[in-house]
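The values are calculated or read from the model by the stated rules, or taken from the named source; none is laboratory data. Model, not experiment: these values are computed from the prediction. Cβ: placed from backbone, ideal geometry, glycine included. Neighbour counts: every protein chain shown.
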Amino acid sequence: MIHNLKKFCLIVDKDKILSSEKYNKNADRVKIKDELKPIIEKYILSWKSKNLIKALDKYKIPAAIVLDLKEVLSRNKQTN
């Protein structure tokens, strides 16, 4: 079974993460999450939200766009 980080790396084409043994096991990733977080954030920020969600969905990685209050209220007005 492919873990979600491996699937994510396939989406963003980042072999550096996949080739490092320190990222292979979830327990190891949890220990170095402060190191891994900015790496993942960098790749996430390079995508348009809708495109990233579509790609993550294709690989069955749970994800959703988080709206701020202004966006929520704007969408709420559009549906009423």
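Find all pairs meeting these conditions: Cβ atoms under 8 angstrom apart; at least six residues apart or on different chains; first residue within region 37-60 and without any contact (Cβ under 8 Å) to a residue 60 or more places away in the chain; second residue surrounded by fewer than 10 Cβ atoms within 10 Å (Cβ to Cβ).
Short answer, once both residue conditions are applied: 49/65; 50/65; 53/64; 53/65; 56/62.
What are the residues in region 22-53 that are hydroxyl-bearing (Ser, Thr, Tyr) and exposed (fewer than 10 other Cβ atoms within 10 Å of the Cβ), if any?
So in region 22-53, the residues hydroxyl-bearing (Ser, Thr, Tyr) come out as 23, 43, 46, 49.
Selection gives 46 alone.
Being under 16 Å from residue 3 (Cα atoms) and among the hydrophobic types (A, V, I, L, M, F, W, C) is the filter here, so list the residues in region 33-72 that pass it.
Going through region 33-72, the residues under 16 Å from residue 3 (Cα atoms) turn out to be 33, 36, 40, 55-63.
Scanning region 33-72 gives 36, 40, 55, 56, 61, 63.
Which residues, taken from region 5-28, are among the basic types (Lys, Arg), in a helix (DSSP H, G or I) and modelled with pLDDT under 70?
16
For region 29-80, which helices (runs of 4 or more DSSP H) that fit wholly inside it have 1 or more residues that are over 11 Å from the mean Cα position of the chain (by Cα), within 14 Å of residue 9 (Cα to Cα) and at pLDDT below 85? Give the steps one after another, and end with the answer.
Details: elements: 33-45, 49-58, 69-79.
Because the criterion is at least 1 residues that are over 11 Å from the mean Cα position of the chain (by Cα), within 14 Å of residue 9 (Cα to Cα) and at pLDDT below 85, the helices (runs of 4 or more DSSP H) in region 29-80 that meet it are 33-45.
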